[in-house]
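Asks: Input: one structure, supplied below.
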Amino acid sequence: MPSPTVPPAVHPGPSAAISEVPDALGRFGRYGGRYVPETLSAALEQLQAAYEDARADPAFAAELDQLLSAFVGRPTPLLFARRLTEYAGGAQIWFKREDLSHTGAHKINNTLGQGLLAIRMGKKRIIAETGAGQHGVATATACARFGLDCVVYMGSEDIRRQEPNVRSMRMMGAEVRPVESGSRTLRDAINEAMRDWMGSVETTHYIIGSVVGPHPFPRIVRDFQSVIGQETLLACRRDIGRLPDCVVACVGGGSNAAGMFYPLVDHASIRLVGVEAGGRSAKPGDHAASLSFGQPGILHGSLSYVLQDADGQTSDVHSVSAGLDYPGVGPEHSYWHDAGRVEYTSVTDEEALETFDLVARREGILPALETSHALAWAVKEASRRPANETIVVCLSGRGDKDAAEIARLRALQGAD
């Protein structure tokens, strides 16, 4: 496919609400859109029509709300991290407890919604990609609940790192297909899922797990995950008595951050911070910080910030966290970055690992390594802010899945 012309930067006007995206073509400012082979165009049009129909159907909303309540356990609580706040010695740190959702992460909000869309479209086979395995588990869970066939593509390196989640997927009836190409991580799993979908669109729905991919996926995933931010607004007013000063979330593809940030972006008083994977260093191939070091480009069907070399080829990336180990980011994050509404920064592997230990021992919670990146930034920032300020962290998932890999890494460090 020839490289399309990259649209010029578009910033929202002074009177425009930054939440008023995407447009009818799936553009978030200059980002997003649909860059796919012709074989997928009809399936994407069908999905867009099904979604618009579902959004206008009170019965769809009622069924999803009932599932989120009775099956997932929503709303998830807002927790004051007292001992972590004492350690930081400054601003109050609060956790939005997505780790308490059924399956242990925020991903189930999206897979249930898209599973219902698949049923509306009459599609009985589901495919998905996964990195950390949380989206794979959530997809397998939704498919088991709805009686749908499920195939999950997962890089063999991520299968090694996230074996507990692989076991859970298989126990719920999903077929986990190892991907051996490329770096054998999330990017390569998406590539294989896209290839499958091109050959099976008539009977198969692809449940993308993040706010990436061609239109309308970024909007659909954002909308299904926005329950996180909506609940956070209500809980802050109830439990803190006001809106938070700062809200923080980790960013790989960016679904937990998009779900947390989207209901908040028009509240100008709230500082929003997305934390990417800083990996081992700032050298190319040593990190996965697309918004910190990338350039606009096409990846997996949409225009967004992408880590790429001088020839425009997608770069290799690295993160200790399988869920952040991705060379791109969702187009809405790219839009928020250029508009200056969300700050994006990064945290290293070692900082994330240290914060995993800190939160486990201070709060009795094992945070996912993805979440540990956001927590690391929040602890440092809290130490610099006054005690009357509040920082809310999206605790996007639990870290049971990472315990064996962390133990392995610590053993290797000891051997050194």
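The values are calculated or read from the model by the stated rules, or taken from the named source; none is laboratory data. Since the model is a prediction, treat every value here as computed from it, not as a measurement. Here the Cβ is made from the backbone with ideal geometry for all residues, glycine too, and neighbour counts use every protein chain on show. Side chains included, ligands, DNA and RNA excluded: accessible areas come from the protein's heavy atoms. Shrake-Rupley method; radii C 1.70, N 1.55, O 1.52, S 1.80 Å.
Asks: If ILE391 satisfies every condition in (1) within 22 Å of the chain's Cα centre (by Cα); (2) within 28 Å of GLY285 (Cβ to Cβ) but one, which is the exception?
Replies: Of (1) within 22 Å of the chain's Cα centre (by Cα); (2) within 28 Å of GLY285 (Cβ to Cβ), only one is false for ILE391: (2).
Asks: If you don't mind, another one. Counting just the residues of region 307-318 that are without any contact (Cβ under 8 Å) to a residue 60 or more places away in the chain and under 23 Å from ARG161 (Cβ atoms), which one comes out surrounded by the most Cβ atoms within 10 Å (Cβ to Cβ)?
Replies: This residue is LEU307.
Asks: Search region 130-146 for residues being in a helix (DSSP H, G or I) and among the aliphatic types (A, V, I, L, M), and hand back the single one that is most open to solvent (accessible area, probe 1.4 Å).
Replies: That would be ALA144.
Asks: Mind telling me which of the residues ARG83, ARG74 ends up being surrounded by fewer than 18 Cβ atoms within 10 Å (Cβ to Cβ), closer than 30 Å to ASP245 by Cβ and modelled with pLDDT of 95 or more?
Replies: ARG83
Asks: Follow-up question, since we're still on this one. For the list (1) out of contact with any helix residue (DSSP H, G or I) (no Cβ under 6 Å at 6 or more places or on another chain); (2) touching a residue at least 60 places away in the same chain (Cβ under 8 Å); (3) open to solvent by 40 Å² or more (accessible area, probe 1.4 Å), I need the number of the one condition that ALA378 fails.
Replies: Every condition holds for ALA378 apart from (3).
Asks: Another question, if that's okay. Take VAL306 and decide whether it is of a type in the set (A, V, I, L, M, F, W, C) and under 27 Å from LEU44 (Cβ atoms).
Replies: yes
Asks: Return yes when TYR31 is of a type in the set (Ser, Thr, Tyr) and in contact with a Phe, Trp or Tyr (Cβ under 8 Å, 6 or more places away or on another chain) and no when it is not.
Replies: yes
Asks: To continue, here is another question. Check off (1) farther than 26 Å from ALA378 by Cα; (2) at pLDDT below 95 for MET172 and give me the number that stays unchecked.
Replies: Among (1) farther than 26 Å from ALA378 by Cα; (2) at pLDDT below 95, MET172 violates only (2).
Asks: Additional query: Which one is nearest to the chain's Cα centre (by Cα), of the residues in region 236-282 that are closer than 22 Å to ALA339 by Cα and among the charged types (D, E, K, R)?
Replies: Here the answer is GLU276.
Asks: I'd like to verify a number: residues in region 38-96 that are at positive phi and either under 21 Å from the mean Cα position of the chain (by Cα) or acidic (Asp, Glu) (or both), how many?
Replies: Within region 38-96, residues that are at positive phi and either under 21 Å from the mean Cα position of the chain (by Cα) or acidic (Asp, Glu) (or both) number 1.
Asks: While we're looking at this one, here's another question. Which of the residues spanning region 141-175 are among the charged types (D, E, K, R) and either farther than 21 Å from GLU192 by Cα or touching a His at 6+ places or on another chain (Cβ under 7 Å) (or both)?
Replies: ARG145
For every residue, the table says whether it meets (1) in contact with a Ser or Thr (Cβ under 6 Å, 6 or more places away or on another chain); (2) of a type outside the set (Val, Ile, Thr); (3) on the phi < 0 side of the Ramachandran plot; (4) open to solvent by less than 40 Å² (accessible area, probe 1.4 Å).
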position	(1), (2), (3), (4)
ALA249	no, yes, yes, yes
TYR262	yes, yes, yes, no
ALA277	yes, yes, yes, yes
VAL320	no, no, yes, yes
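Asks: Condition first: within 24 Å of VAL347 (Cα to Cα) and open to solvent by 30 Å² or more (accessible area, probe 1.4 Å). Now tell me which residues in region 287-306 satisfy that.
Replies: SER292, PHE293, GLN295, PRO296
Asks: Also: Would you confirm, using the coordinates I've provided, whether ALA249 is over 30 Å from TYR344 (Cα atoms) and aliphatic (A, V, I, L, M)?
Replies: Here the answer is no, as ALA249 does not meet what is asked.
Asks: Working carefully through the options GLU363, GLU332, GLU351, find the one that is under 15 Å from the mean Cα position of the chain (by Cα) and at pLDDT 95 or above.
Replies: None of the others qualify; the one that does is GLU332.
Asks: Report, by residue number, each residue of region 334-373 that is over 18 Å from LEU84 (Cα atoms), crowded, with 20+ Cβ neighbours inside 10 Å and of a type in the set (Ser, Thr, Tyr).
Replies: The answer is SER334, TYR335, TYR344, SER346, THR348.
Asks: Let me ask something else. Select from region 223-246 the residues that are open to solvent by less than 10 Å² (accessible area, probe 1.4 Å) and touching a helix residue (DSSP H, G or I) at 6+ places or on another chain (Cβ under 6 Å) and list them in ascending order.
Replies: Result: GLN225, SER226, ILE228, GLY229, PRO244.
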